[in-house]
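Visitor: Right, I'll just put the structure down here and ask away after.
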Amino acid sequence: MNNCAFCLDMHIKQAKIKGEGELRLHHVAIWRESPLFNAKEKAALALTEALTHIPAIGISDELYRSTKEHFSDVEISELTYAIGLINFWNRMQILAQMEPGSQDAAFGLTKAVFN
């Protein structure tokens, strides 16, 4: 969602190591249409997208209501913090221009196996 090659490479490897399925990883790009994500996951993805690409009108009431259907106030706060932190790191990578995969050994990502 944030168009950072380094971040995409790193997080896909992290997800794979933690057992996430490859098809779901591919479907993140089409999460709205994908049947592989449940309503709660789609609410989290919608919030992530909105907070990553903040619309000029801000966050809609509909998105807020949808988020509240699936998450408690504490969970929304934690999710918002995680999204903000990831977006901060993304902005740091823009300046650093790190090559995807260049830090795999440091982050323990050499364990990620792809067919």
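The values are calculated or read from the model by the stated rules, or taken from the named source; none is laboratory data. On a predicted model such as this, the values are computed, not experimentally measured, just so you know. The protein model used for the area step is the full one, side chains on, heavy atoms only, and it has no ligands, DNA or RNA in it. Shrake-Rupley method; radii C 1.70, N 1.55, O 1.52, S 1.80 Å.
Visitor: In nm, what is the difference between 0.36 nm times the number of residues separating THR52 and THR110 and their Cα-Cα distance? The partial results should precede the final answer.
Guide: Working: separation 58, 0.36 × 58 = 20.88 nm, distance 2.81 nm.
That pair, THR52 and THR110, stretches by 18.1 nm at full extension.
Visitor: With every protein chain left in place, what is the accessible area per residue of the chain in square angstrom, probe 1.4 Å? List each step's numbers first, then the result.
Guide: Details: 7900 Å² over 115 residues.
I get 69 Å² per residue for the chain.
Visitor: Of the accessible area of the stretch 1-68, with the probe set at 1.4 angstrom, what percent is carbon plus sulfur?
Guide: Numbers: 2530 of 4320 Å².
Its accessible area is 59 percent carbon and sulfur atoms.
Visitor: Shifting gears a bit: Too long at a 21 Å Cα-Cα cut-off: which of LYS13/LYS40; LYS42/LYS68; LYS42/LYS111?
Guide: LYS13/LYS40; LYS42/LYS111
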